Amino acid sequence: MRTIISLVIIIIASVIGFAMGAGMNEAMGGATLFAMIAGFGCTIQAIESKKKQ
């Protein structure tokens, strides 16, 4: 379940990054940047939640 939620967050972030990057003529760069940031955040959150259990 957590994997699906993380995947949805990354997809939403990449769509938002694509839209914001399109305004600056760097659509794919924006999508990649936002997806990477969301992916790193999801990974860090998963690691931290494992430590607490």
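So in segment 20-40, with the set limited to residues that are open to solvent by 40 Å² or more (accessible area, probe 1.4 Å) and among the small types (Gly, Ala, Ser), which one is farthest from Leu7 (Cα to Cα)?
So the first thing to find is which residues in segment 20-40 are open to solvent by 40 Å² or more (accessible area, probe 1.4 Å), and the list is 20, 22-26, 28, 32-34, 36-37, 40.
When the remaining residues are screened for being among the small types (Gly, Ala, Ser), the result is 22-23.
On the way: Ala22: 22, Gly23: 25 Å.
So, considering only residues that are open to solvent by 40 Å² or more (accessible area, probe 1.4 Å) and among the small types (Gly, Ala, Ser), the one farthest from Leu7 (Cα to Cα) is Gly23.
Considering (1) surrounded by fewer than 14 Cβ atoms within 10 Å (Cβ to Cβ); (2) of a type in the set (D, E, K, R); (3) at pLDDT 90 or above, say which one Lys50 fails and leave the rest.
Exception for Lys50: condition (3).
The values are calculated or read from the model by the stated rules, or taken from the named source; none is laboratory data. Keep in mind it's a predicted model, so treat the numbers as computed, not measured. Because the Cβ atoms are built from the backbone with ideal geometry, glycine has one as well, and the counts that use them run over all protein chains shown. Just so you know, the surface numbers come from the protein's heavy atoms only, side chains and all, with ligands and any DNA or RNA stripped out. Shrake-Rupley method; radii C 1.70, N 1.55, O 1.52, S 1.80 Å.
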